[in-house]
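> Pasting in a structure now, in structure tokens, and then I'll have a few things to ask.
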Amino acid sequence: MKADRRAFAQNTRGFLPSDEGDALYEAASNLNVGGPLLEVGSYCGKSAIYLGTAAEEQGRALYALDHHRGSEENQAGWEHHEPDLVDSEVGKLDTLPIFRKAIHGAGLEHVVVAIVGDSVTVAKHWDTPLAFLFIDGGHGIQPARDDYNWWVPKVQIGGLLAIHDVFPDPKDGGRPPYECIYLPAVESGDWAEERIQGSLRILRRIS
Ligand code: MG
């Protein structure tokens with residue numbers, strides 16, 4: 001990844017550590033199947049810059065899906081709440097303006113396509129097989145189950161699934177991404193683990 005783009009990504013607002021961003025970029029740069037990339041849970045755009053850069057270099061697109069109202073843990077009173085992201089007129093979080101600024105600033109508007117909406121609603125009408133899926137959406141049990149059930153089957157054989165905030169030890173963080181996405185994928189026998197980087201897991205579909 002070119003140094004200036006990488007520096008921009010590192011300075012973009014968000015909770016993705018740099019080493020995990022680099023791992024996303026590297027994985028998404030080593031795809032051997034066709035098709036677009038899609039991420040569930042874009043927040044302020046940090047991961048979209050790493051993945052969008054890989055997409056740009058390969059002539060692909062990254063679809064960046066988020067309702068931009070924040071996950072449970074971003075709401076008032078929760079661990080990752082950032083009060084300045086609240087739209088005071090609406091009384092809800094709105095990360096879309098920050099996301100758009102980040103993608104514009106990175107020079108990736110021609111590659112990164114924002115989809116603003118509910119994950120399941122979009123998934124129900126999504127038919128394009130994916131080369132790469134990154135799940136970093138709602139971290140509650142139901143949103144995690146929904147993302148697993150609705151999005152994971154859309155990755156084609158040979159494609160990659162990246163899951164963020166996977167914490168096998170409950171002391172390290174919330175369990176749904178581990179229990180409702182990572183474990184079912186591994187136990188299905190359809191996925192082989194390719195890389196572990198911090199709380200990021202990258203799996204390749206083998207059947
Ligand atoms: Mg995350």
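> Quick check, is residue 122 closer than 26 Å to residue 177 by Cβ and either part of a strand (DSSP E or B) or of a type in the set (A, V, I, L, M) (or both)? Can you show your working first?
Numbers: closer than 26 Å to residue 177 by Cβ: yes; either part of a strand (DSSP E or B) or of a type in the set (A, V, I, L, M) (or both): yes.
It is true that residue 122 is closer than 26 Å to residue 177 by Cβ and either part of a strand (DSSP E or B) or of a type in the set (A, V, I, L, M) (or both).
> Right, next: Taking region 172-207 on its own, how many of its residues are among the basic types (Lys, Arg), more than 19 Å from residue 144 (Cβ to Cβ) and out of contact with any Gly (no Cβ under 9 Å at 6 or more places or on another chain)?
1
> Does residue 94 fit the bill of being more than 18 Å from residue 35 (Cα to Cα), open to solvent by less than 60 Å² (accessible area, probe 1.4 Å) and touching a strand residue (DSSP E or B) at 6+ places or on another chain (Cβ under 6 Å)? Spell out the reasoning first.
On the way: more than 18 Å from residue 35 (Cα to Cα): yes; open to solvent by less than 60 Å² (accessible area, probe 1.4 Å): yes; touching a strand residue (DSSP E or B) at 6+ places or on another chain (Cβ under 6 Å): yes.
In short, yes.
> Here are 140, 105, 117: which of them is away from the ligand (no atom under 16 Å from the Cβ) and under 22 Å from residue 80 (Cβ atoms)? It would help to see each step written out before you state the result.
Details: 140 fails: away from the ligand (no atom under 16 Å from the Cβ); 105 fails: under 22 Å from residue 80 (Cβ atoms).
Checking each option against the conditions leaves just 117.
> Continuing with the same structure: Which residue out of 93, 108, 65, 85 is under 24 Å from residue 166 (Cα atoms), among the aliphatic types (A, V, I, L, M) and in contact with a helix residue (DSSP H, G or I) (Cβ under 9 Å, 6 or more places away or on another chain)? Working first, answer last.
Values: 93 fails: under 24 Å from residue 166 (Cα atoms); 108 fails: under 24 Å from residue 166 (Cα atoms); 85 fails: under 24 Å from residue 166 (Cα atoms).
Matching residue, one of 93, 108, 65, 85: 65.
> Something else now. Kindly evaluate residue 89 against the criterion of being without any contact (Cβ under 8 Å) to a residue 12 or more places away in the chain, more than 16 Å from the ligand (Cβ to nearest atom), part of a loop (DSSP other than H, G, I, E, B) and among the acidic types (Asp, Glu). Walk me through it before giving the result.
On the way: without any contact (Cβ under 8 Å) to a residue 12 or more places away in the chain: yes; more than 16 Å from the ligand (Cβ to nearest atom): yes; part of a loop (DSSP other than H, G, I, E, B): yes; among the acidic types (Asp, Glu): yes.
Here the answer is yes, as residue 89 does meet what is asked.
> So which residues in region 48-77 are open to solvent by 10 Å² or more (accessible area, probe 1.4 Å), at pLDDT 95 or above and not hydroxyl-bearing (Ser, Thr, Tyr), if there are any at all?
The answer is 56, 57, 58, 59, 60, 61, 66, 67, 69.
> Going through region 1-37 one residue at a time, which ones are away from the ligand (no atom under 15 Å from the Cβ), open to solvent by less than 70 Å² (accessible area, probe 1.4 Å) and closer than 25 Å to residue 154 by Cβ?
Answer for region 1-37, where residues must be away from the ligand (no atom under 15 Å from the Cβ), open to solvent by less than 70 Å² (accessible area, probe 1.4 Å) and closer than 25 Å to residue 154 by Cβ: 25, 27, 28, 29, 31, 33, 34, 35, 36, 37.
> Ok, one more. Assuming residue 126 fulfils every condition listed in (1) closer than 25 Å to residue 19 by Cβ; (2) open to solvent by less than 40 Å² (accessible area, probe 1.4 Å); (3) of a type in the set (Phe, Trp, Tyr) apart from one, which condition is it?
Status for residue 126: all satisfied but (1).
> Out of all the residues in region 37-85, which are assigned to a helix (DSSP H, G or I) and among the aromatic types (Phe, Trp, Tyr)? If you could, list the steps in order and put the result at the bottom.
Start the filter on region 37-85 by keeping residues that are assigned to a helix (DSSP H, G or I), which leaves 46-57, 72-74, 83-85.
The answer is 50, and nothing else.
> Also, I was wondering about something else. Are there any pairs, at least 6 apart or on different chains, whose C-beta atoms fall under 9 Å, with the first in region 151-165 and under 19 Å from residue 65 (Cα atoms) and within 16 Å of the ligand (Cβ to nearest atom) and the second among the basic types (Lys, Arg) and open to solvent by 10 Å² or more (accessible area, probe 1.4 Å), and if so, which?
Correct list of pairs: 161/201; 161/204; 161/205; 162/195; 162/201; 163/201; 164/201.
The values are calculated or read from the model by the stated rules, or taken from the named source; none is laboratory data. Predicted, not measured: the structure shown is a model, and the values here were computed from it. Because the Cβ atoms are built from the backbone with ideal geometry, glycine has one as well, and the counts that use them run over all protein chains shown. What goes into the accessible areas is simple: the full protein's heavy atoms, side chains included, and nothing from ligands, DNA or RNA. Shrake-Rupley method; radii C 1.70, N 1.55, O 1.52, S 1.80 Å.
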